[in-house]
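This report refers to the structure that appears directly beneath it.
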Amino acid sequence: MEILDGKKVSNDIKDEIAVEVTKMKANGEKVPHLAAVLVGDNGASLTYVNSKVKSCEKIGFDSTLVKLPDTISEEDLLKEIDALNNNEDIDGFIVQLPLPKHIDEENVLLAVHPDKDVDGFHPTNFGRMALEMPSFIPATPFGIMELLKRYEIETSGKNTVVIGRSHIVGRPISILMSQKGAAGDSTVTLTHSRTKDLENICKSADIIVSALGVPNFVKAPMVKDGAVIIDVGITRVKDETAKRGYRIVGDVDYDNVAPKCSYITPVPGGVGPMTIAMLLKNTLLSRERRKNA
Ligand code: NAD
């Protein structure tokens, strides 16, 4: 069994991006600039946004954090987004989810200009991705594809079972892995909460991508010997012995599943760090596209 070390690969990607940034600086060019919009003070969101901003600083990007109160109206938030769309200095931005209940998430995501939508959540980017046209691919599925490519995992003709059909992970990864090319050409089954006999479907899988957010959901009897396991789940579980009072667990019963696998992503240290690296990659891509536009 080999661990798919997302932490290491994400650091490699960040180093590669940093080299590009150094070249840009040496040529007197503008460096990529990522902005993040954070509404309210949700603890997990704040942690995610801070680590995105920190990663930008480390690799030499410019970054801006737009912190807004959770009382902000939808109209005012849309004005902030419009300002970011029109700010020539900003190459891409993200709106950290979830948003407060009084704000319609769909309206907000639709307001982000597709050319600056480095999260890849806008329908234009999703559609372009599905049609194999240049786009911004959502960072988590983009990261999974990159991990599969860098470990040269054979996906062509393999049976892949994706668990979870969210717009940001399950659905896009099912599309990407079924497309032609590296990390693709797979026969994908997309499963969800209404799927019947999931255990038997999983047993036939060469590759399982689990993205539902239920700890210990994928158990050893569901996994065939030699399978590749990609665990996307991130759940905080209480742990008095941990410094923060909780620890992060994935969807997979790691201790019992790992010995059966050929490859597996740990949680933490698997898909999570890849997500941030690919957001940075999308921001670099955006800068390059804007430069050449
Ligand atoms: P979600 O929370 O929006 O939806 C969960 C999905 O799981 C749904 O499509 C549902 O149909 C499916 N599901 C629920 N119960 C099921 C069951 N019993 N059997 C089969 N399917 C079932 O999904 P999401 O936003 O993709 O998040 C999923 C998990 O991935 C969460 O733990 C989230 O924190 C994590 N996540 C991690 C990253 C990362 O960077 N590693 C990024 C995004 C999400």
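Below are the figures for this structure:
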{"item": "Whole-angstrom gap from region 24-38 to region 87-147, using each part's C-alpha centre", "result": "18"}
{"item": "Within the chain, helix-based [θ] at 222 nm, where runs of 4 or more DSSP H residues each add -39,500 (n - 2.57), nearest 500", "result": "-12500 deg cm²/dmol"}
{"item": "Label zone at Glu29, where the point sits 7 Å out along the Cα-to-Cβ direction: region 55-83 residues whose backbone N lies under 16 Å", "result": "60-62"}
{"item": "Cα-based shape type of region 97-232, given that a ≥ b ≥ c are square roots of the gyration tensor eigenvalues and the cut on a/c is 1.5", "result": "oblate"}
{"item": "³J(HN,Hα) computed for each position of region 114-124 - Karplus, 6.51 cos²θ - 1.76 cosθ + 1.60, integer Hz, glycine/proline x", "result": "x, 6, 10, 7, 6, 7, x, 8, 5, x, 4"}
{"item": "Percentage relative contact order, the chain, counting C-alpha pairs under 8 Å, at least six apart", "result": "21"}
{"item": "Calculated Rg and Dmax of region 16-82 using C-alpha coordinates, Å", "result": "14.7, 44"}
{"item": "The chain - Rg and Dmax from Cα coordinates, angstrom", "result": "19.2, 58"}
{"item": "Angle between the chain longest axis and helix 271-292 axis [Cα atoms, degrees, rounded to 10]", "result": "40"}
{"item": "Nearest-ten-degree value, helix 6-26 long axis tilted from longest Cα axis of the chain", "result": "30"}
{"item": "Entries of Lys67/Lys101; Lys23/Lys149; Lys180/Lys224; Lys8/Lys196; Lys23/Lys54 with Cα pairs more than 28 Å apart", "result": "Lys8/Lys196"}
{"item": "Sites Glu240 and Ser166, calculated FRET efficiency, Cβ-Cβ separation with R0 41 Å, nearest 0.05", "result": "0.85"}
{"item": "Lys79 paired with Arg290, simple spin-label distance in nm, labels 7 Å along Cα-to-beta-carbon", "result": "2.3"}
{"item": "Cα-based shape type of region 151-213, given that a ≥ b ≥ c are square roots of the gyration tensor eigenvalues and the cut on a/c is 1.5", "result": "oblate"}
{"item": "For region 11-71: relative contact order, % (alpha-carbon pairs under 8 angstrom, 6 or more apart)", "result": "42"}
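Any read-out appearing in this document is the output of simple, stated calculations on the displayed coordinates, not a laboratory observation. In this text the structure is predicted, and so the values were computed from the model without any measurement. Here the Cβ is made from the backbone with ideal geometry for all residues, glycine too, and neighbour counts use every protein chain on show.
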